[in-house]
Structures are given as structure tokens and as C-alpha cells.
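Here the structure comes first, spelled out in C-alpha cells, and everything after it is commentary.
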Amino acid sequence: MTTTATAHAATDQHPYTFEEKRKRIFAIFAASSGNLVEWFDFYVYAFCAVYFAPAFFPKSDPTVQLLNTAGVFAAGFLMRPVGGWLFGRLADRKGRKTSMVVSVTMMCAGSLVIACLPTYAQIGAAAPALLLAARLLQGLSVGGEYGTTATYMSEVAMRGQRGFFSSFQYVTLIGGQLLAVLVVVLLQQTLDEADLRSWGWRIPFVLGAVAAVVALALRRTLTETASQQHSTAKGAGTMRELFTHHKRAFLVVLGYTAGGSLIFYTFTTYMQKYLVNSAGMSIKTASNVMTACLFIYMCMQPVFGALSDRIGRRNNMLLFGALGALMTVPVLSNLQNVGSPLVAGVLITLALAVVSFYTSISGVVKAEMFPPEVRALGVGLSYAVGNAIFGGSAEYVALGLKAMGHESYFYWYVTGMMVIAFLVSLLLPRQASYLHHDR
């Protein structure tokens, strides 16, 4: 055995001291706490839309109001590619820590604006315009949040356990959704519907802004993972470097992110409205079902992340694409006619288990495709583009097809994207191109 091989073997046997493990785990906690706050702020909009829609889009029937708020939700996604590029470049050139601090500050500002925003009755058309502006700011922030956090957590996670530790990005992402649902459920239990529509919907946005300040303080303690050598390398954080030398990797990540984002938003944010509008459940019942499902889904992430450390990211992704293509139509069709909240919960949990093959490793499977000097840009931009086009439009497309009387077309649309995700996953390398030997 060569000296280098012997050194690697010794490193693999005793890779980290107790103190180093402690520091890395704390770094993952600090980074992911900000991620939780960012996604809580972003998803509160989706879950509170049924209450504040009349305040900003009056003189319309309920379906049109929801379509208008869904349109603003989708518009926030359109800023994600800009955020992915801006914060990816910042992270690759100035450091992951700097990028994460700036992004959580911007999300805080967006939530505070929405919390204090006057209604249409008070300032007229300026109200929905300002709502859109705040959502665009949040979209810019969250567009940069994903790529930088995924990059940082993948780099700071311990070798051989990167799937497990990186899965906590989606633990906190889903946790943000879950907290948003829990806050709404709590408000539903303590306030009547009139108060919720009048002023109660503002409370979650205030909470999100306050929590962002705490996350900001935690992120300021992070240790930088980007080296000076990579940050100052020629082409670091540039589109030219990304598309000249890593175009194939970018397109592969974009390919499976499109399907992953679509099915994720189908069975999370849109599902609450689907249970109300298509399955005929009350808003409270639908919220309770989704609270339970999201909690189970959150707990699944480390399990599926650890599985990828054993069977490989590629196999995780192939299982995701294949099972997603097979189960989407049956699950959504049965949910449409489900009479029991328990049965609905089981079906949604089954679907989310399949989605977990992807979401648990979403960050690390992308980070392993790019070198350090363009990693945050490559991860963030490819994710943001796929997410903006397919994830951000999921709810709008679903509601639009329902309004036209062709709701089942949406089921087949999701299925088709899962087939594409499977085919693209076949292009993934059996051995990760990067991060494999990084400490």
C-alpha cells in the first residue's frame, strides 16, 4: 500500500477528533436554523393565503382570489434564479458565511414588510403591488439560501456521513413548513375566522421576522468552509467558468431538480388546498392532516440520508424517479375521493416517503457535482431555475387545470416529470465527482 493510500486508510478509521465533531455538528445546527427561519417565512404566505387573499384582492370569487395569491407566490419563485446567481457568486467569492448572513437578513425584511402592509381598502392598488415587491425580495433571499446552505452543510458534514448530516437541510426546510402550519393551526384554535381575516394572519409574519434576528446571530458565529485559494481562483463564482467546464453537471442537476421541485410542492404546499378544494375537507381538518404528515416527513429525512451513505446517491435518485412515476396518479386520484382524514394522511405520507429519496440528499447530491470555486453558484442556480419554473408554478398550474375542468391532467404532468427525473438520474456518476475525499 502506498503512503498516500495508508494515510487515507488511517484518516478513514479515525477521521475526526471529538472536538472537531462537536464543532461541525454545531455548524450544521447554526446553518440549518437560519434555513428553518427562511423557509418558515416563505411558507407562511402559502398557508395564510386563504385568510389574507380578500384583503389584497377584493371583489373576486374565492377561486380567483386564490389564483391571484398563487400568482404572487409563483412570482417570488421567479426571483430565485437571480438569487441563486447573486448569492452563489457571493458565496464562491466572499465566503459561504457572508452569503448566508445577507440572505437571512433580506428574508427578515420581507416578512416585516408583509406583516405591516396596509390592505387594498386602505391604499388601493398599491397594496397588492407592495405585497408583490415583498415576495420578490423574499424570493431573491430564498433563491440564494438553498444553494449556499446546501454547499456549506455538505462541506462541513463529516465524510462517510454527508448524506445523513446534509439531510438536516430538508429537516429544517420541512420544519419551516411544519412550524408555519402549526402556527396557523394554533391561530385557528384561538381566533375566530373574522379575526384571522382581519388581522390574525399578520402574526406569523411578525414571528418570522423576530426569529430571523436570532438566526442571524447564530450564523455570525459560523466558521468559513471556503478556502482563500478557491475563492480567489480564476473564474471563481462566474457563469463563464460554470458553463465552460461544468455545463453537463448543471444540466443534470437542473433535470432532476425540475421533477423533484414539482412533486415536492405538489405534496406539501399545494396539498392543503387540494384537500379543501378537491377532497372537500374543511380548512381546519386539512391543516391537521398536513401537520401530521409534515412531521413524519421531517423525521424521514435523516433515515433516507443515511441510506444514501450506504447505497449511494445515484441509487437513491433512481428509486425516487421510478417510484414517483408509479405512485403519483394513483395517490392523487384516491385523495380526490377520500372520505377519511386518516386515509388521506396515510396516502400523503406514502407519497412523501418516495419524495424523501430525493429531498434527504437534495443538497449533497448537487454539491458533489461541482468543484469548490463554483459549487455554491452551480448548486444554487441550477436549483433555483428548476424550482422557479416547475416548483413555483405547481400550485398555479394545478388550480388552473382544475378551473378548466381537467384536474387529472396535472397528475399526469407530475408523472411525466418523474419519468424525466429517472432518466436524468441515470446520468449521475456512480462515484461522486467532488467532495468524496474532502475532510
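Just a few scattered comments:
- Number of residues in region 388-407 that are free of Cβ contacts under 8 Å to residues at least 40 places away in the same chain and of a type in the set (A, V, I, L, M) equals 3.
- Picking from residues in region 193-237 that are in a loop (DSSP other than H, G, I, E, B), open to solvent by less than 30 Å² (accessible area, probe 1.4 Å) and of a type outside the set (A, V, I, L, M, F, W, C), the one that is nearest to residue 53 (Cα to Cα) is 237.
- Any hit, region 352-361, residues being modelled with pLDDT of 90 or more, open to solvent by less than 10 Å² (accessible area, probe 1.4 Å) and closer than 30 Å to residue 229 by Cβ: yes
- Within region 389-429, considering residues that are at pLDDT below 85 and assigned to a loop (DSSP other than H, G, I, E, B), the one least open to solvent (accessible area, probe 1.4 Å): 392
This table checks each residue for (1) free of Cβ contacts under 8 Å to residues at least 12 places away in the same chain; (2) in contact with a His (Cβ under 9 Å, 6 or more places away or on another chain).
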site: 189; (1), (2): yes, no
site: 194; (1), (2): yes, no
site: 205; (1), (2): no, no
site: 211; (1), (2): no, no
site: 214; (1), (2): no, no
site: 221; (1), (2): no, no
site: 226; (1), (2): no, no
site: 235; (1), (2): no, yes
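- Being open to solvent by less than 20 Å² (accessible area, probe 1.4 Å), touching an Asp or Glu at 6+ places or on another chain (Cβ under 8 Å) and hydroxyl-bearing (Ser, Thr, Tyr) is true of residue 270.
Here is a yes/no grid of residues against (1) more than 23 Å from the chain's Cα centre (by Cα); (2) within 21 Å of residue 56 (Cβ to Cβ); (3) small (Gly, Ala, Ser):
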position	(1), (2), (3)
191	yes, yes, no
199	yes, yes, no
205	no, yes, no
209	no, yes, yes
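The values are calculated or read from the model by the stated rules, or taken from the named source; none is laboratory data. Remember, it's a predicted structure, so these values are computed and weren't measured experimentally. Here Cβ is always computed from backbone atoms with ideal geometry, including for glycine, and neighbour counts include all displayed protein chains. SASA here: full protein model, heavy atoms, side chains in, ligands and nucleic acids out. Shrake-Rupley method; radii C 1.70, N 1.55, O 1.52, S 1.80 Å.
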